[in-house]
Structures are given as structure tokens and as C-alpha cells.
Amino acid sequence: MPEAFVLFKTEPTKEREVYMALSENESVAEVHVLYGEFDLLVRVSSDDAKNLAGMLIQDFRKITGVRETQTMIAVDY
């Protein structure tokens, strides 16, 4: 099952709205609030790589308040 960790920068005062929108996504396993350069850390998983890519490229970018993301795709070692 493909997984990724995504760091989010949000627009000022939009952290909670983005947090709530991410929490409602069934593919989101965890959401954490951060202090520092990024505002949120999210762990997502999907049935296959194509669905994961679609979620990362389309769904997350449409969330109001998301300014920037940085994605790290996890691989088996």
C-alpha cells in the first residue's frame, strides 16, 4: 500500500480549516500540527500509486488555505 508524508504550509489563520479538511479525507491516516517552517504534517495511504498521485496532485491542492506542500513518498526497503 503506497504511503506518503506531506508537509503543509497554510495561509495565515487557515491552519485549523486545512487541518479539518485533511482529517475528513479517508486516505489521511494522521494529521499533526507543527511549529516551525511548516504548519502540518500528514501521513496518507492509498490502494495504489495512481490514486496516491491523484490525491497529492489534485485533492490536496484544492483545499482552501493551502499555500505550499512538500511530499515525501515512502518506499519499502
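Please treat every number below as a calculation from the coordinates, not as lab data. The structure presented is a predicted model; accordingly, all values stated were derived computationally and were not measured. Using ideal geometry, Cβ is built from the backbone for each residue, glycine included, and neighbour counts are taken over all protein chains shown.
Could you tell me which residue of the range 1-25 is surrounded by the fewest Cβ atoms within 10 Å (Cβ to Cβ), considering only residues that are closer than 26 Å to Ala49 by Cα and more than 12 Å from the chain's Cα centre (by Cα)? In this case the residue turns out to be Met1.
Give the residue that is surrounded by the most Cβ atoms within 10 Å (Cβ to Cβ), with candidates limited to residues of the range 34-73 that are touching a Phe, Trp or Tyr at 6+ places or on another chain (Cβ under 7 Å) and aliphatic (A, V, I, L, M).
First pass over the range 34-73, keeping only residues touching a Phe, Trp or Tyr at 6+ places or on another chain (Cβ under 7 Å): 38-43, 66, 69, 72.
Narrowing the set further to residues that are aliphatic (A, V, I, L, M) leaves 40-42, 66, 72.
On the way: Leu40: 19, Leu41: 14, Val42: 23, Val66: 20, Met72: 10.
Taking the candidates together, the pick is Val42.
Of the strands (runs of 3 or more DSSP E) lying entirely inside the chain, those containing at least 2 residues that are in contact (Cβ under 8 Å) with a residue 40 or more places away in the chain are 3-10, 40-45, 66-74.
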